[in-house]
1. Using the alpha-carbon atoms, what tilt in degrees (0 to 90, nearest 10) does helix 74-83 show relative to the longest principal axis of the chain?
2. Calculate the length of the line joining the C-alpha centroid of the stretch 115-129 to that of the stretch 11-38, in whole Å.
3. Test of understanding: in a Gaussian network model of the chain with alpha carbons linked when under 10 Å, which of 105, 44, 63 would top the mean-square fluctuation ranking?
4. Report the FRET efficiency, 1/(1 + (r/R0)^6), for residue 34 and residue 4, where r is their Cβ-Cβ distance and R0 is 30 Å, rounded to 0.05.
5. Among 56, 20, 84, which comes first, second and so on when ranked by fewest other beta-carbon atoms within 10 Å?
6. Of all DSSP beta bridges located in the stretch 2-127, what percent are antiparallel, nearest 5?
7. Could you put 96, 81, 31 in order, starting from the residue whose Cβ has the fewest other Cβ atoms within 10 Å?
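The numbers here are math on the coordinates, done by the rules we state, and not lab data. Please read all numbers here as calculations on a predicted model, not as lab measurements. We place every Cβ from the backbone using ideal geometry, glycine too, and count neighbours over all the protein chains shown.
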């Protein structure tokens with residue numbers, strides 16, 4: 001049953017208005033007003049998927065990637081997001097090093113990570129091979 005059902009990650013945010021501005025203006029995601037509420041916002045993404053944010057009293061404590069977007073050209077996606085003011089994370093760890101653009105080559109993918117204003121880690125991935 002679930003294998004054929006769409007999935008919509010839900011991310012916690014303290015400031016729903018700030019999150020709305022970030023996801024709409026910085027990432028360019030359209031707000032789906034029909035399924036949003038005063039406590040949770042749903043943004044449309046590719047392939048009929050959605051990303052949601054919901055109001056929570058305390059900030060996130062997650063130190064892992066909460067959601068990724070799969071892209072065809074990661075260099076183009078990073079370049080575009082940087083023009084919108086997105087700052088990418090840089091890593092120099094065993095098995096994970098990013099280049100000057102913030103892109104890492106890992107196994108069968110190229111990936112880059114950034115944070116939303118609430119501290120949620122988000123990523124973009126280009127699968128290769």
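1. 60 degrees
2. 17 Å
3. 63
4. Given R0 = 30 Å and the Cβ-Cβ separation, E is 0.85.
5. Working: 56 14, 20 17, 84 11.
Going from least to most buried by this count: 84, 56, 20.
6. Working: 21 of 30 bridges.
About 70 percent, rounded to the nearest 5.
7. On the way: 96 11, 81 20, 31 14.
Least crowded to most crowded, the residues run 96, 31, 81.
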